[in-house]
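K.L.:
First, the structure itself, so that you have it in front of you.
The values are calculated or read from the model by the stated rules, or taken from the named source; none is laboratory data. Since we're looking at a predicted model, the values are computed, not measured. Glycine gets a Cβ as well: all are built from the backbone with ideal geometry, and neighbour counts include every protein chain shown. Accessible surface areas use protein heavy atoms only, side chains included; no ligands, DNA or RNA. Shrake-Rupley method; radii C 1.70, N 1.55, O 1.52, S 1.80 Å.
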Amino acid sequence: MIGGHALAYPQFLLFQKPNFTMAKINHNNVLDIIRNVLDDARDRGVMFLKTDDNVGYSGEIMHLRGEPLKNFGTCGYMGVEFDERLINKSVEFTRKHGTQFSISRAYVTSNVNVELEQKLGKMFGYPVIVQSSTSTTHVSAIPSLVSYKDMIILDQQVHMSVQSATQITRQKGVKITKIRHNRMDMLDQILAESHTKYEKIWYFVDGVYSMYGDVAPFKEIQLLMDKYPNLYIYIDDAHGIGWFGKNGRGYAIETLGGLNERTILSTTLAKGFGTVGGILVLPNKATYQKIRSFGGPLTYSHPLPPATIGAATAMVDICLTDEIYEYQQELQDKMDYCNDLLAASGLPVVSDPLTPIYFIGMGQPKTGYEMCMRLLNEGYYTSMGIFPAVAISNTGIRFTINRHQSKRDIKGLIDAMIYHFPKVLEQENRTEEEILHVFNLKKQTRVETHESQKIIGNYLVEYYTSIQDINQTEWDHLLGDRGCFNYQGLISQELFFSNNPKQENNFTFHYFIIRDKASQEPLLASFLTFGLHKDDMLEPEGLSYNIEQIRKTDPFYLTSKNLMTGSFLTEGDHIYLDRNRSDWKQILRVFFNEISALGDSLEADGLMLRDLKADDTELNTYMLEEGFVKTMMPNTNIVDLTWDSFETYFNTVSKRRRKMLRQEVLAHAPNFHVEIVQQVPDDEQASIYGLMQNIKDSNLAFNVFDYPTNIVDKMSKDYHWEFIYLYLKEQTDMPIGVVCCHRTGHNYCPLLAGMNYDYLESHELYKQILYRILLRGMELNAKRIYLGFTADETKRKFGAEQVPMAAFVRIKDHFNMDVMASMANTKINV
């Protein structure tokens, strides 16, 4: 366990686990975010569906919810799954060879398996190995092909089955990195920097990508292979087989004009081929024999069953005749017809017209859900393009064309989308311009400034870039009791995070107040900061630790510029919202639209609305509908001071806790001398910052950049802040513990703590710091103390209540999330 979260990393990460002692929290990692989105789609009835009982499947029609639906979701592009020749051959092979041939191929290979590989070799023109699935093909091939002297580069969108297989090579020290989708400039840059350091550099791509139906830029890849002689390419062309190329051998090999010695092709016996299994096409006999001798699961997993071999043999026979070209032309005619309809439709078409995969942009998930349900009600099954296969705000309707469909069916589907598209946008209060913008389907005019005031319907929206432009009394009335972001606290923070030498320590502040246009009453108030974030800020410590090793030489690895409610010094609900209003959701939507527009003008990579109550089901549901993904924050620890002295608190707790407090806190208290310091002398500031940095360096549970080195000096000059110094009585030259606290109304907010770890266990220093915070809060007559994130168990012993908090994020490009997911071995694709 790390931070209370089950370790979801491959074994190669385990030996790097650091010894963290401070941060014991429950994390929600990338996999949990993915699960939240997919569970929501399931609950809305658009994913994880089941075909009806006792009803057959024809390829053209699929029965769901008691209704026959036109099937526009299959990847069986060639429509051969009901071809009598495939079915009869499958039955024939089963009757002759049984239902399985359960012997490892290291011992004996079935003759029909050999014959199938020979026929496929004739079809592709190269040696072929068949496997039980495309996934096991990757696991068989990749670890055998890539040595410890090599490097791997993954395209961001290469299929999950490829990415998972490459992770195995980490065990022998192979470096794996990733580039943004089809970005040949990034590939060229990495090759230029790395080609002399490695024996081979492998680039992993799909021939045809499964969501947008776009293709790999093979012409540019070939140019780079000419430029870098040690560049090798591994292609998964599962979505390219059957419908394209000579003998239906696929988009990739046809576009490349064949395989050279540095190209490996994997494809499938499924999808456009009509059966099940994986195909590995190799450039020469030597490579074939290397993998055939011991290719992982090729040796220890089951070979294809005779029924599948029979059906595949029949399909190869079709591919080796001119009949396959008739099938391809039939499908191409339907694709051309669909492309013509879409060109005249006005729909936001995102996909490449070259392939039979189509994607209509819908933007936010709820908009996509509504369109999907409407199409189901019209009698058409289409699938959702949804996170994590695409970015959360790039949700869309994905459908495919196959030979089963008639042109009448195709026109019916397009007509239904044309009819419902504007109605869905109207219902969800979305615009076509929003969708065009998120998919970059037309050039957008960059907004350089955000209006300070505007009327939107029944609301007046006010925008400010400094708290000093806002009425102090009103702001503190709305948000002043929620933490350290009252008026004076924000004046301080604007100072702390500006004019610093390092870019990661500078943030701009943005304030919104939304009023009732008629009454001028405030309905919503909040503030956001914009700056550089670590993308693993909320990820498990083990993952952050490994990322930090990379940041030692690449300090901005996996970082993004984000617009976030609050700052890195605040905790608590940063959004005042009048939930008594019946139109509170409309008010929130106005706010979301405004901060989205602000994010665009700032060129933000993402939005984060953090520290919202995780158990607010109604709000959580609405946030997801608006395109935000929920991820759990560390709990916030709050002490409500309902007692007037520590003795009173001591007498109210259990015997077990009293024993702990007596032995681990009160017994050490006489050893300490405590001072409250308003201004830290110049010659002590570096030492105080060093103590704070000790905790920062040992705590990756909430992973942020180091605070500005001058923050102690800036806090010292603001009388709203104070420092609690903890000295050992026998050495009062320098404190061994320190806490910087903000005093605000009825709240006491210790924000930055520092320790000399030599005294952590011998003097129970951390618990002594918490004890002194409580005493100081009671001395100031505070009603509430915010003890911050992490160390929940320890803070509970001092009366803290753990409040579950969530962050809601909207990310434009989930490239960095994909990288973290691959590092944690959790990425999934559709």
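K.L.:
Would you please give the residues with an amide H less than 5 Å from that of Leu752, counting only those at least 5 places away or on a separate chain, with H modeled from the backbone geometry?
P.N.:
Cys740
K.L.:
So what's Rg/Rh here for region 57-215, counting alpha carbon atoms and using the Kirkwood radius for Rh?
P.N.:
1.05
K.L.:
Which residues make up the longest stretch of the chain clear of GluC sites (Glu not before Pro) that lie in a DSSP loop with no more than 15 other Cβ atoms within 10 Å, not counting the sites?
P.N.:
The reported range is 1-198.
K.L.:
To the nearest 0.05, what FRET efficiency results for Ser452 and Lys407 with a Förster distance of 60 Å applied to their C-beta separation? Present the calculation step by step, with values, prior to reporting the outcome.
P.N.:
Working: r = 55 Å, r/R0 = 0.91.
Step by step, r from the Cβ atoms, then E = 0.65.
K.L.:
Please give the FRET efficiency for Tyr719 paired with His746, using the beta carbon to beta carbon distance and R0 = 22 Å, rounded to the nearest 0.05.
P.N.:
Result of the calculation: an efficiency of 0.80.
K.L.:
Continuing with this model, one more query. For every other residue with a beta carbon closer than 12 angstrom to the beta carbon of Ser140, add +1 if it is Lys or Arg and -1 if Asp or Glu, then tell me the sum.
P.N.:
That sum, taken over residues with Cβ under 12 Å, equals +3.
K.L.:
Restricting to bridges with both residues inside the chain, how much of the DSSP beta-bridge set is antiparallel, in percent to the nearest 5? All intermediate terms of the calculation are to be shown ahead of the outcome.
P.N.:
Details: 90 of 116 bridges.
Just about 80 percent of them are antiparallel.
K.L.:
Let me know the shape class of region 656-792, please: from the alpha-carbon gyration tensor, a ≥ b ≥ c as square roots of the eigenvalues, rounded when a/c is under 1.5, otherwise prolate if a/b is greater than b/c, or oblate. Don't jump to the answer; show the numbers that get you there.
P.N.:
Values: a/c = 1.34, a/b = 1.21, b/c = 1.10.
The shape class here is rounded.
K.L.:
Let me ask something else about it. How large, in percent, is the carbon and sulfur part of the accessible surface of region 69-145 at a probe radius of 1.4 Å? List each step's numbers first, then the result.
P.N.:
Numbers: 1840 of 3400 Å².
Percent of accessible area from carbon and sulfur atoms in region 69-145: 54.
K.L.:
Which value, in debye to the nearest 20, describes the size of the charge dipole of the chain about its Cα centre when Lys and Arg Cβ atoms bear +1, Asp and Glu Cβ atoms bear -1, and nothing else is charged?
P.N.:
That gives the chain a dipole magnitude of about 2220 debye.
K.L.:
Sort 229-237, 410-418 for me by packing, meaning the mean count of neighbouring Cβ atoms within 10 Å per residue, highest on top.
P.N.:
With the highest mean Cβ count within 10 Å placed first, the list reads 229-237, 410-418.
K.L.:
Related question: Summing +1 for each Lys or Arg and -1 for each Asp or Glu, what net charge is found among the other residues whose Cβ lies under 14 Å from the Cβ of Leu780?
P.N.:
With Lys, Arg at +1 and Asp, Glu at -1, the neighbours total +2.
K.L.:
OK, next. Fully extended, how many nm does the chain gain between Lys561 and Ala343 (0.36 nm per residue separation, minus their Cα-Cα distance)?
P.N.:
74.9 nm
K.L.:
Ordering Arg430, Arg65 by how much accessible area each has at a 1.4 Å probe, largest first, what is the list? Could the numbers behind the result be given before it?
P.N.:
Working: Arg430 25, Arg65 120 Å².
The ordering from most to least exposed comes out as Arg65, Arg430.
K.L.:
How many nm is it between the label spots at Lys122 and Arg656, if each spot is 7 Å from the Cα in line with the beta carbon?
P.N.:
Once both label points are built, they end up 7.5 nm from each other.
K.L.:
Same structure again: At a 1.4 Å probe radius, carbon and sulfur cover how many percent of the accessible area of region 166-210?
P.N.:
Percent of accessible area from carbon and sulfur atoms in region 166-210: 43.
K.L.:
Between Glu647 and Arg551, how many nm apart are label points set 7 Å from Cα along the C-beta direction?
P.N.:
In this crude spin-label approximation the distance works out to 4.7 nm.
K.L.:
As a test of the formula, what do you get for the chain when each DSSP H run with n ≥ 4 contributes -39,500 (n - 2.57) and the sum is divided by the residue count, at 222 nm and rounded to the nearest 500 deg cm²/dmol? Each step should come with its number before you reach the end.
P.N.:
Values: 27 runs with 298 residues, N = 830.
Helix-only estimate at 222 nm: -11000 deg cm²/dmol.
K.L.:
Please compute the length gained on full extension between Glu474 and Gln427, using 0.36 nm multiplied by the number of residues separating them and subtracting their Cα-Cα distance.
P.N.:
Additional length available on full extension: 13.4 nm.
K.L.:
Given region 416-527, report the % of alpha carbon pairs whose separation exceeds 16 Å.
P.N.:
It works out to 72 percent of all Cα pairs.
K.L.:
Here's another thing I want to ask about it. Pop out the carbon and sulfur fraction of the accessible area of region 506-558 as a percent, whole number, probe 1.4 Å.
P.N.:
On the way: 900 of 1650 Å².
Result for region 506-558: 55 percent of the exposed heavy-atom area is carbon or sulfur.
K.L.:
Check Cys484: other-chain or 5+ apart residues with amide H under 5 Å from its amide H, H built from backbone geometry?
P.N.:
Glu571
K.L.:
For a protection proxy built on the mean count of beta-carbon atoms within 10 angstrom, sort 143-149, 752-758 highest first, please.
P.N.:
Answer by packing, highest mean first, reads 752-758, 143-149.
K.L.:
Moving on to the next point. Quote the Stokes-Einstein diffusion coefficient, in whole µm² s⁻¹, for the chain, based on the Kirkwood radius over alpha carbon pairs, a temperature of 20 °C and a viscosity of 1.002 mPa s.
P.N.:
72 µm²/s
K.L.:
With a/c under 1.5 counting as rounded, go ahead and sort region 220-335 into rounded, prolate or oblate using the C-alpha gyration tensor (a ≥ b ≥ c being the square roots of the eigenvalues; past the cut-off, prolate if a/b is larger than b/c, else oblate).
P.N.:
Oblate, because a/c is 1.5 or more while a/b does not exceed b/c.
K.L.:
Oh, and also: Return the lysines within reach of Lys172: Cα separation strictly under 16 angstrom, same-chain partners fewer than 8 residues apart disregarded; answer none if there are no such residues.
P.N.:
Lys149, Lys200
K.L.:
Further question: Work through the residues other than Leu376 whose Cβ is under 13 Å from its Cβ and net out their charges, Lys, Arg +1 and Asp, Glu -1.
P.N.:
Numbers: positive: Arg44, Arg65, Lys70, Arg374; negative: Glu67, Glu370, Glu378.
Local net charge: +1.
K.L.:
Now a separate question. How much accessible area per residue does the chain have, counting only protein heavy atoms and a probe of 1.4 Å, in square angstrom?
P.N.:
Result: 40 Å² of accessible area for each residue.
K.L.:
Where does each of 509-518, 101-110 land if you order them by average Cβ count within 10 Å, highest first?
P.N.:
509-518, 101-110
K.L.:
Which percent, nearest 5, of DSSP beta bridges in region 171-304 are antiparallel? All intermediate terms of the calculation are to be shown ahead of the outcome.
P.N.:
On the way: 5 of 15 bridges.
DSSP beta bridges in region 171-304 are roughly 35 percent antiparallel.
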